[in-house]
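Derivation of every value follows stated rules applied to the coordinates shown; laboratory data play no part. A quick note: this is a predicted structure, and the numbers were derived from the prediction, not measured. Cβ sites come from the backbone with ideal geometry, for glycine too, and all protein chains shown count toward neighbours.
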Amino acid sequence: MKPFVGAVLSASLTKLPDVLEPAIHPNHRQFFHSVAFAGLLGLVAHKIYRWEPKNKDDETVRFVLLVGAAAYAIHLLLDASTPKCLPLFGTF
Ligand SMILES: [Zn+2]
């Protein structure tokens with residue numbers, strides 16, 4: 001069951017950056033598509049990875065957050081491999 005849930009979660013959460021910053025123009029990649037945000041995401045994901053849940057509910061939260069962070073990071077990696085790449089910070 002867990003691999004199936006993980007696959008569904010990751011397939012849907014991979015789109016999150018484009019939900020936050022829809023691809024409606026060529027310069028849509030801003031802060032939530034930036035190298036800076038990828039770094040923050042890595043730090044937070046590391047903290048979550050090191051967290052030791054005390055009960056089943058916390059384990060579920062940890063699993064969802066780690067899958068979400070990985071799915072988000074995959075989106076950023078794929079965007080970074082395009083000619084447009086990722087901005088360092090984006091504009092606000
Ligand atoms: Zn994107």
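One table, with the values for the structure above:
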| item | result |
| --- | --- |
| 18 Å cut-off, amide nitrogen to a point 7 angstrom out along K84 Cα→Cβ, residues in segment 4-37 | 14-37 |
| Distance between modelled label sites at A73 and S12, nm, 7 Å Cα→Cβ extension | 2.2 nm |
| At 1.306 mPa s and 10 °C, Stokes diffusion of the chain via Kirkwood alpha-carbon radius, µm² per second | 113 µm²/s |
| Projected label distance in nm at K2 and E52, using a 7 Å step from Cα toward the beta-carbon | 1.7 nm |
| DSSP-loop trypsin sites (Lys or Arg not before Pro) across segment 1-61, with at most 15 other Cβ within 10 angstrom | K15, K54 |
